Amino acid sequence: MNTMLRISSRGRYGVKAVFELARRYGRGPVSLTVVARAQGISEPYLEQLMPALKRAGVVEAVRGAQGGYQLAVPPAAVTVGDVVRALEGPIMLTTCTGDDPQECPEVERCIGPDVWTRVQEALVATMDAMTFADLVARQRAVVRSEAADLWYQATGGTA
């Protein structure tokens, strides 16, 4: 039987929604309809995610005819880890990596706390190192590269 660490749809879709707001940062609030269409997420589901992201200080709501959501801080100040923690709670791989591994009845003979704590620290460090500014820049570079490849193929490499 295969098991794996899973980030729920809340975390995954939250990252996608914040990514879309980061792509549009500085252009004013974005409606959830636009975010939903751009990222392939249902609008009602986004409506469930936004309050937690707002409480965490990641997004802010703007009321009115031109209202919607926008990042509360610049994309460079928001990480994937921030969004996942806002929507999923603490990032824990196992009970061994909780606040008190001593609660484990096998702590005296178990290497789990050492192994899984180190793995968890690496995972959290990676998620906290990925800012949405970085993700947007990487996505734009990929799109530019793909556009250049298409141009090259269409023109045979000549201007």
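The values are calculated or read from the model by the stated rules, or taken from the named source; none is laboratory data. Everything quoted here is computed from the prediction, not taken from an experiment. As a convention, Cβ positions derive from the backbone with ideal geometry for all residues, glycine included, and neighbour counts pool all protein chains shown.
Quick notes on this one:
- Residue in the stretch 17-36 that is of a type in the set (Lys, Arg) and under 16 Å from the mean Cα position of the chain (by Cα) present: yes
- Count - residues of the stretch 11-23 that are in contact (Cβ under 8 Å) with a residue 24 or more places away in the chain and either surrounded by fewer than 18 Cβ atoms within 10 Å (Cβ to Cβ) or not small (Gly, Ala, Ser) (or both): 7
- Contacts under 8 angstrom Cβ, first residue in the stretch 72-84 being of a type in the set (D, E, K, R), partner buried (at least 22 other Cβ atoms within 10 Å of the Cβ) and assigned to a loop (DSSP other than H, G, I, E, B), 6 or more apart: Asp82/Val58
- Selection status of Ser42, closer than 13 Å to Gln70 by Cα and either without any contact (Cβ under 8 Å) to a residue 24 or more places away in the chain or surrounded by 13 or more Cβ atoms within 10 Å (Cβ to Cβ) (or both): no
- In the stretch 24-36, residue surrounded by the fewest Cβ atoms within 10 Å (Cβ to Cβ) [restricted to those that are touching a strand residue (DSSP E or B) at 6+ places or on another chain (Cβ under 8 Å) and of a type in the set (Gly, Ala, Ser)]: Gly28
- Criterion: touching a Phe, Trp or Tyr at 6+ places or on another chain (Cβ under 6 Å) and either at pLDDT 95 or above or among the acidic types (Asp, Glu) (or both) - qualifying residue of Val58, Val34, Val78, Val73: Val78
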